[in-house]
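Notes follow the structure.
The values are calculated or read from the model by the stated rules, or taken from the named source; none is laboratory data. Keep in mind that this is a model prediction, so the values were computed, not measured. A quick note on method: Cβ atoms are made from the backbone with ideal geometry, for glycine too, and the neighbour counts reach across all protein chains shown. Side chains are part of the model used for accessible areas, which takes the heavy atoms of the whole protein and leaves out ligands, DNA and RNA. Shrake-Rupley method; radii C 1.70, N 1.55, O 1.52, S 1.80 Å.
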Amino acid sequence: MVSPQVQAYLDNVSSYIWGMFFLIPLLVGTGLYLTFRLRGLQFRKLGKALKLAVLKRKGADDDAGDISQFQALATAMAATVGTGNIVGVSTAIAIGGPGALVWMWVTGILGMATKYAECFLAVRFRTTDSKGEKSGGPQYYLERGIKGPFGKILGLSFAIFAVIACFGIGNMTQGNSIAENLNNTWSMPHWLTGVLLALFTLIVLVGGIKSIGRVSASIVPAMVVLYLVAQTIVLIFHFDAIPAAFVTIFTDAFTGTSAVGGFAGAAVMLIVQTGVARGLFSNESGLGSAAMAAAAAKTSHPTQQGLVQMTQTFIDTIIMVSFTGVMLVVTGVWQTPDADGNQISPALMVGEAFNTVLPGTSGFWLVSICVLLFASTTIIGWSYYGERNVERLFGRRGVMPFRVIFSVVVYFGCTVELVAVWTFSDIANGLMALPNLIGLIVLSGLVARETKHYLENDPQLNAGHDEVEKFMAGRPGWADWKAGDVIGSSRTLTGRVPSKRLNDSDGPEGSSGVGSAVH
């Protein structure tokens with residue numbers, strides 16, 4: 001149990017990190033800057049990216065990688081589509097009003113460019129560990145892409161913060177959400193939920209990324225469809241209220257509103273802060289997390305997987321978050337008081353919205369099932385993120401002990417109170433995002449130039465392995481990327497000595513000489 005003084009200190013730190021003068025402008029600014037540098041890639045190529053991700057689903061058989069493109073996307077979706085899509089949206093609306101949804105959309109739209117860039121870089125600078133598995137993400141591309149001690153400091157900082165964060169956002173908080181929902185709905189003991197969930201996690205983790213990819217690809221599509229179908233039914237029953245709901249959402253985004261028993265005349269700054277913070281909590285754009293899943297994909301070029309992973313933010317925020325937010329507004333539950341006249345708990349809002357259409361209290365049953373699916377897949381997705389950073393810090397020998405410890409911590413997450421853990425998770429997430437966002441700005445010239453070259457040669461995203469090899473042959477940095485297939489390269493950070501150094505001369509950001517695989 002954390003003392004009130006410690007909790008107050010953690011709350012202050014979290015408020016500063018996620019305040020309007022620190023991480024939020026950096027997140028939004030980075031998304032805007034990358035959108036400009038990539039010439040609105042998320043608008044120009046979204047349709048083709050969705051086709052590549054959902055219909056094509058996998059790269060060529062001779063592409064290097066551990067899992068298919070779709071499995072990499074599903075793993076990132078598994079880690080991202082969690083309680084943030086249920087409780088996170090409810091909390092944003094409870095604190096900031098319906099207008100917070102607009103700022104979640106802004107975060108999602110700009111975040112698509114950010115997600116593309118970080119996943120592009122993850123594949124571009126990925127390595128192969130001593131067991132032959134791909135390893136990539138900010139912990140590598142920050143160090144490999146940015147020369148000198150600055151890149152090393154950024155990369156190691158990210159790795160340390162990611163290991164810490166994975167036990168919070170990706171473990172204890174998710175397990176606690178599952179245990180609380182199962183106990184409230186079906187009176188299932190917390191300890192029993194903890195034991196079963198810990199065993200499930202360990203069984204999946206022992207199989208490594210291929211096991212995680214298979215489980216994610218099986219569960220994620222089904223759970224997304226289940227949740228969206230249920231919400232669609234509610235929206236159909238409240239169809240006549242949808243136009244007014246959108247008016248309320250857009251008006252409130254710039255004026256503020258009042259929630260019953262909650263707050264009066266909320267400042268626009270609070271609405272923006274809440275929407276952006278919960279938007280990132282939902283889609284993780286800028287956090288660098290999904291980049292680690294992207295690095296494991298079988299793909300012919302970093303641009304291909306970057307576009308595939310970009311669709312994750314679209315599905316998560318523009319589709320799933322929108323459905324949840326609009327449903328809460330059209331049903332009016334965001335203004336519904338509880339028995340004491342206070343604003344209804346955010347944790348109960350979605351269930352109450354379902355109950356406006358479904359018989360009895362079956363809405364809470366449905367939410368419990370969704371939380372179970374969402375949070376359990378988040379756990380296995382984030383376990384992989386933690387594992388890859390443990391591998392970066394301690395080598396392959398640290399992976400199996402981490403898997404066991406991570407699974408045991410799941411049990412404790414289900415059985416103890418976690419007020420401080422939630423706050424600490426927010427802090428750790430912010431500290432993860434900080435070095436990653438700095439690195440994305442520095443490396444933006446590389447991303448923009450290589451993306452432009454690829455799309456000029458494959459505008460329809462139809463090129464296979466051999467076609468990509470033809471138009472990339474002799475391209476600076478191409479041989480260095482393929483050198484990431486060298487076994488053990490993730491520990492030595494060398495791969496092979498590059499024949500041509502990749503210098504980024506595209507604008508002032510390129511003056512740092514990014515792109516070398518050797519320090």
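Some observations on this one:
- Phi angles across segment 249-255 convert, under the Karplus curve 6.51 cos²θ - 1.76 cosθ + 1.60 with θ = phi - 60°, into 3J(HN,Hα) values of 4, 6, 5, 5, 4, 10, 10 Hz, Gly and Pro given as x.
- Three-way shape label, the chain, alpha-carbon gyration tensor, a/c 1.5: prolate
- Note that segment 50-145 presents 20 Å² accessible area per residue, ligands and nucleic acids not counted, probe 1.4 Å.
- Rounded if a/c under 1.5, otherwise prolate or oblate - segment 126-234, Cα gyration tensor axes: prolate
- Cα-based shape type of segment 63-170, given that a ≥ b ≥ c are square roots of the gyration tensor eigenvalues and the cut on a/c is 1.5: prolate
- The modelled label-to-label distance for the pair PHE471/PHE250, using points 7 Å beyond Cα in the direction of Cβ, is 3.8 nm.
- Carbon + sulfur, % of accessible area of segment 320-418 - ligands and nucleic acids excluded, 1.4 Å: 66 percent
- By the rule of a C-alpha distance below 19 Å, with chain neighbours fewer than 8 residues away ignored, the lysines paired with LYS452 are LYS45, LYS48, LYS115, LYS470.
- Rounded to the nearest 10 degrees, the angle from helix 69-80 to the longest Cα principal axis of the chain is 40 degrees.
- Restricting segment 74-142 to trypsin sites (Lys or Arg not before Pro) in coil, as DSSP defines it, with at most 13 other Cβ within 10 Å: LYS131
- Estimated inter-spin distance, ASP340 and TYR16, nm [label 7 Å along Cα→Cβ]: 3.2 nm
- Residue among LEU38, ALA122, ALA64 farthest towards the positive dipole end of segment 30-128, charges placed on Cβ: LEU38
- Computed with a 1.4 Å probe over protein heavy atoms only, the accessible area of GLU387 comes to about 0 Å².
- Dipole moment magnitude, nearest 20 debye, the chain about Cα centre, only Lys, Arg, Asp, Glu C-beta charged: 1660 debye
- Figure note: LEU10, LEU23 ranked by solvent-accessible area, largest first, 1.4 Å probe, ligands and nucleic acids not counted: LEU10, LEU23.
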